[in-house]
Amino acid sequence: MNKLDSVKNLDACIKCSACTSQCPVAMVQPLFSGPKSVGPDAERFRLEGIDIDPKCLSYCSNCKTCEVTCPSGVKITEIILRAREKASLAAQKSGTTRLQVRDLVLGRAEYLGRLGTIWPGLTNGLLKVYLVRVLMEKILGISRRAPLPPYQAKFKGIRNNKLVPNHRLSKAVVFFPGCFINYNDSLTGQAVIKVLEHNGYDVIMPNFHCCGVPLQANGKFNEARGNAKKNLALMNPYLQSGVPVITGCTSCGLALKEEYPNLEVSGSELIGRQAYDLFEFLWELQEGGGLKQDFQEIPVSLGYHAPCHLKAQGIGTPSVRLLRLIPGVRVSDLDTGCCGLSGSYGYKQEKYDIARQIGEPLFQRVQEGVRIGEFQSMATECGGCQVQIEHGSGIATKHPVWVFMQAYGLSPEFL
Amino acid sequence: MWDGIIIGGGLAGLLAGIRAAERGKKVLIVSEGVGSLTYSSGVIDLGDAERLMNQKSHPYALLGERVVRSAAEYFQTLFPDYWGNWREPQFVLTPLGSPRKAGLIPRGLNTQALSETHKIILMALEGMKDFFPEVAKSNLLKAYPQAEVVLHPFRVEAFEAWYTLGKPITGMDCGKYWRTASGIETLKGVWKSLDSFEPDKAVVIFPGLTSVFSQPLREVQSNLPFSVIEMTAFPPSDGGYYLYRGLVQKFKALGGELLVGSGVKKVELKGKQCHKIIVNSKGKDSEFSARVFVLATGGIFGGGIEVTLEAAKEMVFGLPPFVPSGWTNSEFLGEQPYARMGVETDNQLRPIDSASKEVLLENVRIIGRMLAHWDPWVERCGGGVSLASGWFAGEQV
């Protein structure tokens, strides 16, 4: 957005406070004055060179509920993130080393993942040692209570990463797995590939980097743009041939659709149009009559949680639509707000309790649903939400692609 | 392919969606933001239904008594927490403490007990935003001259962080707190602290408390020796927020899908039929097809009609709205003709050409604030028109 557009967008705010009334953080944390106040209100002063309480900016969890809520289309989260970028540049000299190191660590899920997946058994063993978590909290400010997901062997993608010949690119897709699948959940990555292959698609998986969302959330805006450019360079030849890019993670998906088109490099003009959430893609196949319908009947009842960054994509909940096509599957869309984790937000020592409180209504709803037999387990696309819902409610939570694996007869059972 | 797509997720759109989904239809609601319900008090105004049913072109007249009555009754079956009757007005307190007429109301707002009591205790939580205890007290004294009004200021530990920050406690902060388990425990303490006031002879008014759709709060209150009356609040307000949540949850439980945050960019028509809408999703457009479309985009305030100095434009289908000759009235709080701006329809709520009365789109229904020839401020029938037209459209999907 150029400067004039930004100001126009700012002026679209009619101060109705609808965003603050729906903000998950403002609901539980009085120190956060809410998206309207920290975003459009304070922005007017920032434009005049006056920074009002820049500390308050760090409470925003980047869930984008405010932007989804706003009836006037104001880019509230974007205003807050940009202000945070400016504030973090100014504070870099004065910030405490401890928090700077933490921003480095949490922003780089990718490097951590690479380290962690060299010897996952050892890493996971270490992360389970209470003393290690206490030290991490003391040294890095990473909450000892937060649910760090265990590492798995790194996702290898397609066995021999075969080259798809040009004439077959019309039935090919690029898969952007994201850090969670890459380092913590490679089996789900395999499942996504199997479901796409079952529908007749060749899956291409270049060696992508982290999408950049965790970097951005931890104040590393330049690094985030650097990652995005590297990824776009890897996608570009396929984008030019019209090959869609599929994401299994809703935050990566949102970045590809919302952030990548703003970069001034080749491919950025195409990525918004060609990026798809996995189920958005499968739903388009279904609407065009191209989705394989050889579903076996499976008696599964699920609670579904829509991740905030899926809601922000403005595509509805295609996974729920598709799950309901499978005979025997029952889905309750819980719609009980944000899980609270918001990527790396809930891992921070001082944010753990906020994250927990934000997610509490959801956890209670999940437990209640299981208790009364409304559903047996949970499904949600986002890896962070999965970890947080299991942590908060104790109920198993998986990516919905596993239901398709089972219905297509590609895996013995879901859970 | 959906059976019905509803554009707009406010009261009318959600009610249409619920009714259609309940009838087994596959329904998608596309809403640009969360709708205006959080700005409202959660009270449903029906207006003087009998008079309005005889007012030429009014939506009530178009739909007829059966529809208006059935819609109100349907809403109450969905939400038994709502009291009232389309023929008998209820009274609620405004945020400034005066009683006003209303249609269907959350039961906690019912002011009946105030007319019969000789003592009113007005609870005044310290630091509450947009609540003016002295103003409310004087308005109550005017409205209920038989009663004395005792102001009872109190402080709650849970809001210490607010007091320390010097931050006002909004009505929504309060409302949410009283609904939590610890809030309910605190509330029991607050009731106990009233013992010295002989509360069993009094009626307690409690701004910031919203018991609608909260079973635990209702249980706590049912055991009290006195009546507790809630107040409506300035926007954004809890009453409207919980009504919105309640409607969304009903809709989703019936299998409906709600897409919030993206508007409709354009529509595809074949002759007098719409078959597809194109939604402005992130990165690219999404297409959704349906048999029937319902337009519930909320008039001028909701962004469904855009008004410039030259013209008024309906934003989704490009329908020609009815535009009154003089738009405004110099008396600020007087009747404003522009309020009657909207899309004219036949009695099936299909858009028509004003001059020829010819139906413009056969599978499109116009509901709620998008309808022409009514004024929610003067006629006080905003909730009623939304319910009646929403229910009717839900029947037609």
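Remark: pairs (first residue in region A:152-167, outside the structural domain of residue A:244 (by TED's automatic domain parsing); second residue modelled with pLDDT under 80; Cβ separation under 6 Å; 6+ apart in sequence or on different chains) are absent. The lone criterion from (1) away from every other protein chain (no Cβ under 14 Å); (2) in contact (Cβ under 8 Å) with a residue 60 or more places away in the chain; (3) in a helix (DSSP H, G or I) left unmet by residue A:235 is number (1). Residues in region A:134-185 that are among the β-branched types (Val, Ile, Thr) and touching a strand residue (DSSP E or B) at 6+ places or on another chain (Cβ under 8 Å): A:142, A:158, A:164, A:173, A:174.
Is it the case that region A:338-348 has a residue that's away from every other protein chain (no Cβ under 13 Å), among the charged types (D, E, K, R) and surrounded by fewer than 20 Cβ atoms within 10 Å (Cβ to Cβ)? Checked against the condition, which is being away from every other protein chain (no Cβ under 13 Å), among the charged types (D, E, K, R) and surrounded by fewer than 20 Cβ atoms within 10 Å (Cβ to Cβ), region A:338-348 yields no hits at all. Tell me whether region A:289-303 contains one or more residues that are within 12 Å of chain B (Cβ to nearest Cβ), under 19 Å from residue B:255 (Cα atoms) and not in a loop (DSSP other than H, G, I, E, B). Scanning region A:289-303 turns up at least one residue that is within 12 Å of chain B (Cβ to nearest Cβ), under 19 Å from residue B:255 (Cα atoms) and not in a loop (DSSP other than H, G, I, E, B).
In this entry, residue B:207 passes the filter for residues that are surrounded by 23 or more Cβ atoms within 10 Å (Cβ to Cβ) and either within 14 Å of chain A (Cβ to nearest Cβ) or of a type outside the set (Ser, Thr, Tyr) (or both). Scan region A:10-38 for residues that are more than 12 Å from chain B (Cβ to nearest Cβ) and surrounded by fewer than 19 Cβ atoms within 10 Å (Cβ to Cβ) and the total you get is 2.
Could you count how many residues in region B:279-325 are in a strand (DSSP E or B) and more than 13 Å from every other protein chain (Cβ to nearest Cβ)?
11
Set side by side, the residues B:165, B:151 differ, and just one is touching a Leu at 6+ places or on another chain (Cβ under 6 Å) and surrounded by fewer than 19 Cβ atoms within 10 Å (Cβ to Cβ), which is B:151.
Restricted to helices (runs of 4 or more DSSP H) entirely inside region A:113-217, those with at least 1 residues that are at negative phi and at pLDDT 95 or above are A:186-198.
Screening region A:205-230 for residues that are within 17 Å of the chain's Cα centre (by Cα) and polar (S, T, N, Q) and picking the one that is nearest to residue A:107 (Cα to Cα) gives A:218. Just one of the listed residues (A:313, A:349) is outside the structural domain of residue A:238 (by TED's automatic domain parsing) and over 20 Å from the mean Cα position of the chain (by Cα), namely A:349.
For residue B:97, the requirement of being more than 18 Å from the chain's Cα centre (by Cα), crowded, with 24+ Cβ neighbours inside 10 Å and over 27 Å from residue B:304 (Cα atoms) is met. The residues of region B:366-381 that are out of contact with any Ser or Thr (no Cβ under 8 Å at 6 or more places or on another chain) and not in a loop (DSSP other than H, G, I, E, B), listed by number, are B:376, B:377, B:378, B:379. Annotation: residue A:377 fulfils all but one of (1) surrounded by fewer than 22 Cβ atoms within 10 Å (Cβ to Cβ); (2) more than 21 Å from residue A:189 (Cβ to Cβ); the unmet one is (2).
The residue of region B:26-50 that is surrounded by the fewest Cβ atoms within 10 Å (Cβ to Cβ), among those that are more than 14 Å from every other protein chain (Cβ to nearest Cβ) and touching a residue at least 40 places away in the same chain (Cβ under 8 Å), is B:48.
How many residues are part of a helix (DSSP H, G or I) and closer than 21 Å to residue A:6 by Cβ when one looks only at region A:23-57? Residues meeting the conditions: 16. Scanning region B:101-117 for residues that are touching a residue at least 60 places away in the same chain (Cβ under 8 Å), under 21 Å from residue B:71 (Cα atoms) and buried (at least 22 other Cβ atoms within 10 Å of the Cβ) yields a count of 4. Per the conditions (1) part of a helix (DSSP H, G or I); (2) surrounded by fewer than 24 Cβ atoms within 10 Å (Cβ to Cβ); (3) touching a residue at least 24 places away in the same chain (Cβ under 8 Å), the sole criterion not satisfied by residue A:358 is (2).
Looking across region B:256-278 at every residue that is at the interface with another protein chain (Cβ under 9 Å from one of its Cβ atoms) and either over 23 Å from the mean Cα position of the chain (by Cα) or assigned to a strand (DSSP E or B) (or both), the one that is surrounded by the fewest Cβ atoms within 10 Å (Cβ to Cβ) is identified as B:260.
Note on region A:39-70: residues that are touching a His at 6+ places or on another chain (Cβ under 9 Å) and facing chain B (nearest Cβ under 10 Å) total 1. State whether the residues of region A:244-262 include one that is touching a Gly at 6+ places or on another chain (Cβ under 6 Å), surrounded by fewer than 22 Cβ atoms within 10 Å (Cβ to Cβ) and part of a loop (DSSP other than H, G, I, E, B). There is no residue in region A:244-262 that is touching a Gly at 6+ places or on another chain (Cβ under 6 Å), surrounded by fewer than 22 Cβ atoms within 10 Å (Cβ to Cβ) and part of a loop (DSSP other than H, G, I, E, B). For region B:32-54, the criterion of being out of contact with any Gly (no Cβ under 9 Å at 6 or more places or on another chain) and of a type in the set (Val, Ile, Thr) is met by none of the residues. Of the residues in region B:43-51, at least one is under 29 Å from residue B:170 (Cβ atoms), part of a strand (DSSP E or B) and either at pLDDT 95 or above or touching an Asp or Glu at 6+ places or on another chain (Cβ under 6 Å) (or both). Checking A:36, A:75, A:128 one by one, the residue that is under 21 Å from residue A:216 (Cβ atoms) and not assigned by TED's automatic domain parsing to the domain that holds residue A:185 is A:75 and no other.
Residues considered: A:273, A:321, A:330. Of these, the only one that is more than 22 Å from residue A:210 (Cβ to Cβ), in a strand (DSSP E or B) and within 14 Å of chain B (Cβ to nearest Cβ) is A:330.
The values are calculated or read from the model by the stated rules, or taken from the named source; none is laboratory data. Everything numeric here is computed off the predicted structure, so don't read it as measured data. Don't worry about glycine lacking a Cβ; one is built from the backbone with ideal geometry, like all the others, and counts go over all protein chains shown.
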